Amino acid sequence: MKIVKFVIIIFVSLFLQNTYAQEKKGSVRTSFFNENWLNAIVSVETKDKENKIYHVGTGFLVQTEKQKVILVTASHVIKDKENLQYRRIDDKNEEILITDQNLINAGAGKWFFSENYDLACRIFGWPSDKKTPTVIPIEKSIPVEDIHPGAPLLVLGFPSGLKAEFHNKPLVRQGIVARSEKNKIIIDAFVFPGNSGGPVVYVPFLKVSGNIKSPLVNEEMLIGVISSYIPYQDKAISPQTGRTRITFEENSGLSEVIPIKAVQDLISRQDIKKQGDKFIEANKD
């Protein structure tokens with residue numbers, strides 16, 4: 001009986017993969033992840049007086065119902081930072097850099113902060129380029145009550161030390177949902193300083209096509225924003241006195257994620273909408 005079940009599972013998997021492949025003739029897929037979303041990932045940086053650049057976190061671009069492009073990140077990434085600038089790769093694999101001052105001069109205003117979450121956003125745009133940049137669809141998201149432990153996911157962003165001249169593209173790291181609560185999600189995925197503010201995306205194990213229906217979510221969807229990794233402490237105890245001499249803080253491999261609903265609530269605020277309208281008005285042809 002076990003062998004029969006195994007054969008059935010393999011057959012169904014191959015059938016579904018073949019069906020999906022037929023819809024994508026001429027292409028070979030090793031992943032169901034939509035790689036275009038990587039072009040919506042932004043490296044958040046600062047620059048000192050000597051023009052040395054420091055990567056401080058990750059952000060990502062979303063779009064509101066009125067076609068306003070908004071940059072989202074964790075608030076601790078940009079708080080008390082000066083000379084902020086934002087770098088991304090476009091769909092032609094070219095690097096685009098824009099500074100905070102560029103956006104302010106263009107009428108985009110300053111950063112807006114969430115009152116309840118480690119979350120911030122700002123109106124975003126390209127004063128020298130009228131073409132809308134790639135965005136991650138904010139409407140393609142899963143509410144926290146529908147996120148279940150064990151769900152597969154990807155973390156997109158720039159881990160610390162891996163944002164440099166030869167590593168200018170965002171990295172994709174794999175994980176799963178460890179626990180889901182009302183106001184936060186715990187994921188089993190290693191993240192590091194530099195990942196903060198990056199999006200967390202649900203990806204299906206398998207995409208079902210045709211007339212076959214599945215109770216599982218069948219496409220990539222946003223579930224939240226990386227806030228920080230969850231540390232644990234390890235103590236070095238003296239064998240002579242039995243007392244703690246040194247305390248080390250280590251990365252537990254678990255991370256805290258802000259639910260996507262908090263992002264939706266933030267970008268729908270009236271003060272942000274008004275600033276977006278001002279930006280659009282100021283940049284009309």
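Summary table
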quantity: Residue list for segment 268-279, filter: out of contact with any strand residue (DSSP E or B) (no Cβ under 8 Å at 6 or more places or on another chain) and within 13 Å of T64 (Cα to Cα); calculated: S268, Q270, K273, K274, D277
quantity: Qualifying residue in segment 62-69 (condition: modelled with pLDDT under 90, β-branched (V, I, T) and either surrounded by 13 or more Cβ atoms within 10 Å (Cβ to Cβ) or under 20 Å from P193 (Cβ atoms) (or both)); calculated: yes
quantity: Among residues of segment 252-285, those that are assigned to a strand (DSSP E or B) and surrounded by 14 or more Cβ atoms within 10 Å (Cβ to Cβ), counted; calculated: 7
quantity: Among (1) touching a helix residue (DSSP H, G or I) at 6+ places or on another chain (Cβ under 7 Å); (2) at pLDDT below 90 - the single one I10 does not satisfy; calculated: (1)
quantity: The one condition in (1) at pLDDT 90 or above; (2) outside the structural domain of G198 (by TED's automatic domain parsing) that K131 fails to fulfil; calculated: (1)
quantity: Pair list, Cβ under 7 Å, 6 or more apart: segment 136-148 residue farther than 12 Å from P199 by Cβ, other residue of a type in the set (V, I, T); calculated: I142/V217; I142/I223; V144/I185; I147/V177; I147/I185; I147/I223; H148/V177
quantity: Residue in segment 251-268 that is touching a Phe, Trp or Tyr at 6+ places or on another chain (Cβ under 7 Å), within 25 Å of P199 (Cα to Cα) and of a type in the set (D, E, K, R) present; calculated: no
quantity: Segments classed as strands (runs of 3 or more DSSP E), wholly inside segment 30-111, with at least 3 members that are β-branched (V, I, T); calculated: 41-47, 53-63, 69-73, 95-99
quantity: Which numbered condition V201 fails, given (1) at pLDDT 90 or above; (2) out of contact with any Asp or Glu (no Cβ under 7 Å at 6 or more places or on another chain); calculated: (2)
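The values are calculated or read from the model by the stated rules, or taken from the named source; none is laboratory data. Not measured: the values here are computed from a predicted model. So basically every Cβ, Gly included, is an ideal-geometry build from the backbone, and we count neighbours across all protein chains shown.
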